[in-house]
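Contents: one structure, followed by commentary.
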Amino acid sequence: MNQIGWDEIEIVGFNGAPLVECGRALPVARRNADGAHCVLDLLRPGGELNWYAEGEAKSYADAQRWTLFDNPINLPQSCVAAGEKEAARQPMVVFVDDRLLDTADRVPHPHLWKNEYLIWRHLKGQSSSIQAACASDAAVETLLDDWADGLLKRFDAMFPIDREHQYVCHVADFTLCAARSRTLRWKAYVRYALVQEADRVRRTFDSFTNQEFPDVPWDGFVRELESLRDVLCAQHVPQAAPSLPAVSSSVVTATFKLKDIAAISSPYPVFDGR
C-alpha cells in the first residue's frame with residue numbers, strides 16, 4: 001500500500017462523473033506542498049501514485065473525467081492507522097442525489113456512519129441536489145446498501161398500486177444504482193425486471209443480469225419474477241394511497257443508464273490521466 005501522510009493531502013473530488021443518482025468512486029487528492037493532484041488508489045498495482053500538475057487536473061475536471069467538490073475535505077481519520085501519519089485504509093467517495101435519499105426514507109444525509117464521520121460537499125458544475133462525502137471503502141459500501149434496503153422497502157410497498165407504476169420504475173432504477181452486495185443486487189434486478197416493458201426484460205437479463213449472475217438460467221429468473229409478483233400483488237392495498245412525484249433523471253436512456261450503473265458497480269473504474 002502507498003505510504004502517504006494524511007496531513008500532506010486534501011480530498012478535492014472524485015474520479016469520473018455522477019452519471020446516475022448515487023454511487024462511489026476513488027477520491028481525487030491534492031498535495032498541499034505543490035498543488036499536484038492524483039487519483040488516490042492505495043491498492044494500485046505497482047504501488048506508486050501518478051501525480052499531475054494543477055493545469056492537468058483542471059483539464060480533467062473540464063472534460064468531466066474528474067469531478068471536484070466546492071470545498072476540499074481532509075483525508076478521513078478512519079483511513080489513517082492509529083498512531084500513524086500514513087493512510088492505512090482505502091478512502092472512497094460516495095455521492096447521492098437528494099431525491100434518492102428522500103425516496104429511500106434516508107433524509108437527512110448521515111453525518112456519522114459505522115463510527116465514521118461524513119462531511120458532505122456540493123459538486124462544481126453539478127446540480128445542487130447532488131452531494132458527496134468521503135469515508136473508508138467498507139463504510140461506503142454498507143452505506144449504499146442501506147440506501148438500497150430502504151428503496152427495496154419503498155418499491156415493495158408501492159408496487160401493488162397500479163396508478164403509481166411510473167413511480168416504482170424510478171424506485172427500481174434508484175435501487176440498482178445503490179445496491180452493492182450480491183444479495184441486494186439480485187433483489188434489485190428482479191424488481192427492475194418487474195416494471196420493465198415485456199420486450200426489454202430478456203434483453204436486460206442477457207446484457208446485464210446474467211453477467212452478474214451467470215449461474216442463474218433464464219427460466220429460473222422468470223420463475224423468480226412470477227413468484228415475487230404474486231407475493232407483492234397479494235399485499236393489502238390502501239384505499240387512499242398518497243400521490244408521490246416521479247423523480248429520476250431522463251437525460252440518458254435506460255440502456256445507457258444501466259451501463260453507467262454497471263460501471264459504477266465494478267471494483268474501482270479509474271481515469272488516471274490516460
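What number of residues in the range 72-115 are among the acidic types (Asp, Glu) and modelled with pLDDT of 95 or more?
4
From the list ASP206, ASP173, which residue is touching a Phe, Trp or Tyr at 6+ places or on another chain (Cβ under 9 Å), surrounded by fewer than 19 Cβ atoms within 10 Å (Cβ to Cβ), part of a helix (DSSP H, G or I) and charged (D, E, K, R)?
ASP206
Scan (1) under 15 Å from the mean Cα position of the chain (by Cα); (2) in a helix (DSSP H, G or I); (3) surrounded by fewer than 19 Cβ atoms within 10 Å (Cβ to Cβ); (4) not hydroxyl-bearing (Ser, Thr, Tyr) for the single condition LEU151 breaks and write down its number.
(3)
How many residues does the range 113-140 hold that are part of a helix (DSSP H, G or I), closer than 12 Å to PHE95 by Cα and charged (D, E, K, R)?
Residues flagged as part of a helix (DSSP H, G or I), closer than 12 Å to PHE95 by Cα and charged (D, E, K, R) within the range 113-140 amount to 0.
List the residue pairs whose Cβ atoms are under 9 Å apart, where the first residue sits in the range 214-231 and is assigned to a helix (DSSP H, G or I), the second is of a type in the set (Ser, Thr, Tyr), and the two are 6 or more positions apart or on different chains.
Pairs that qualify, where the first residue is assigned to a helix (DSSP H, G or I) and the partner is of a type in the set (Ser, Thr, Tyr), are PHE221/TYR189; PHE221/THR209.
Among the residues of the range 111-123, write down those that are surrounded by fewer than 17 Cβ atoms within 10 Å (Cβ to Cβ) and farther than 11 Å from ASN71 by Cα.
HIS111, LEU112, LYS114, ASN115, TYR117 - these are the residues of the range 111-123 that are surrounded by fewer than 17 Cβ atoms within 10 Å (Cβ to Cβ) and farther than 11 Å from ASN71 by Cα.
Scanning the range 193-203 for residues that are touching a Phe, Trp or Tyr at 6+ places or on another chain (Cβ under 9 Å) and under 19 Å from ALA148 (Cβ atoms), which turns out surrounded by the most Cβ atoms within 10 Å (Cβ to Cβ)?
Looking at residues that are touching a Phe, Trp or Tyr at 6+ places or on another chain (Cβ under 9 Å) and under 19 Å from ALA148 (Cβ atoms), I get ALA193.
What about PRO108, is it assigned to a loop (DSSP other than H, G, I, E, B) and surrounded by fewer than 17 Cβ atoms within 10 Å (Cβ to Cβ)?
So PRO108 fits the description; yes.
Which residues, taken from the range 44-73, are in a loop (DSSP other than H, G, I, E, B) and either over 20 Å from the mean Cα position of the chain (by Cα) or not assigned by TED's automatic domain parsing to the domain that holds MET92 (or both)?
ARG44, PRO45, GLY46, GLY47, GLU48, LEU49, ASN50, TRP51, ALA53, ALA63
The values are calculated or read from the model by the stated rules, or taken from the named source; none is laboratory data. Note that the structure is predicted; figures quoted are calculated from it, not measured. Backbone-built Cβ (ideal geometry, glycine too); neighbour counts: all protein chains shown.
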